[in-house]
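Structure first, then comments.
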Amino acid sequence: MPQPRPFKQVDVFSSVSFQGNPLAVVLDADGLDDAQMQAIARWTGLSETTFVLAARDPAADYRVRIFSPETEFPFAGHPTLGTAHALLDAGLQPKGARIVQECGVGLVHIEQQAGGVLAFQAPPCTARALEPTLLPLLQTALAGTPAAAGSVVDMGIRWLCVPLASAAACLAVRADIAALTALLAASGTDGLALYGPHAAGGPADYEVRALLSEHGALVEDPVTGSANACIAQLLAGGDYSVRQGTCLQRDGRVSVRFRDGQAWIGGACLTVIAGSILA
């Protein structure tokens, strides 16, 4: 028989409701099997739904599984922050100074910062240059927007990260979906992460866009923790800020801070729906 389980929907990477990236969180998922979790994620229709389980690692505060409507991810950024926020909102008392999440890539550390901001330590990743033979396909996918290089960064989710000349160039891209689909398949990546600098005094230091191909259709993610974490590995150095979601009429804001060579990806979170789900 289905039972009531605490449920929240959280807006991630925004301090203003309905401007960030939504996440569904089932706060007590013990007893649900893989098929049930996948069915719930399919039903919510959001880019990700998370399921909170009892931790297996004694160092962790909880374990989380992350599902899109079609598959499970070992790690994703906005679900990491949104799940931590939902649990804190429900009264979670972390074991230590930081929240420790157990997930498919291992343990991820999350800090509580001023102003309700949460930040996760970017998990280890690998990076390699996009094969030169794929650069013409990249140019076609960008529909003529100049791009001289790209990097494949694997953090559990694999992003093809491509620097552009400016934030304006980033916002101007109108991707060729057929070429993008072929490019992602050929490079073995899950999505294309574009980034370009704003001029001094702009709304942020960088504009970011995350483009995906789903069943041959172009999908843009509003605000993407994992893509920003991958880009941070390429921009390692000084702290900076990101705006994302502009083309979707969102106003996502991401902070990137470096400490002892490690990138911390932060943003505000808000609970917008709280109740229970029968599952």
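Calculated from DSSP H runs of 4 or more alone, at -39500 (n - 2.57) each and per residue, what is the 222 nm mean residue ellipticity of the chain, nearest 500? Theoretical 222 nm ellipticity from helices: -6000 deg cm²/dmol. For segment 79-96, the Karplus equation 6.51 cos²θ - 1.76 cosθ + 1.60, evaluated at θ = phi - 60°, returns couplings of x, 5, 5, x, 5, 4, 4, 4, 5, 4, 4, 8, x, 4, 10, x, 5, x Hz by residue, with Gly and Pro reported as x. Fewest neighbouring Cβ atoms within 10 Å first, the residues Cys269, Cys230 line up as Cys269, Cys230.
Entry note, the chain: relative contact order of 22 percent, from Cα contacts under 8 Å with a spacing of 6+ residues.
Between Glu131 and Asp34, what's the calculated FRET efficiency when r is the beta-carbon distance and R0 is 35 Å? Round to 0.05. The computed FRET efficiency comes out at 0.50. Projecting each Cα onto the charge dipole of segment 126-257 (Lys/Arg +1, Asp/Glu -1 at the beta carbon, about the Cα centre), which of Val242, Leu160, Ala210 comes out farthest on the positive side? Value: Val242. Where both residues lie in segment 126-257, what percent of DSSP beta bridges are antiparallel, nearest 5? Percent antiparallel among DSSP bridges in segment 126-257 is about 75. With one equal scatterer per alpha carbon and no solvent term, the Debye-computed log10 I(q)/I(0) for segment 126-257 at 0.13, 0.21 1/Å reads -0.46, -1.31. Express in whole angstrom the spacing between the alpha-carbon centres of segment 131-150 and segment 1-57. A separation of 36 Å, based on Cα centres. Taken about its Cα centre, the chain carries a charge dipole of about 320 debye when Lys and Arg each add +1 at the Cβ and Asp and Glu each add -1 at the Cβ.
Going from the fewest other Cβ atoms within 10 Å to the most, the residues Glu131, Glu102 appear in the order Glu131, Glu102. Please list, by residue number, every one of the trypsin sites (Lys or Arg not before Pro) in segment 149-246 that is coil in DSSP and has at most 16 other beta-carbon atoms within 10 Å. Taking segment 149-246 and a limit of 16 other Cβ atoms within 10 Å, the loop trypsin sites (Lys or Arg not before Pro) found are Arg174. The ranking of Arg42, Arg98 from fewest to most other beta carbons within 10 Å of each one's beta carbon is Arg42, Arg98.
Readers should treat all values here as calculations from the given coordinates under stated rules, not as data from a laboratory. Everything numeric in this text was worked out from a predicted model, so none of it was measured. Here the Cβ is made from the backbone with ideal geometry for all residues, glycine too, and neighbour counts use every protein chain on show.
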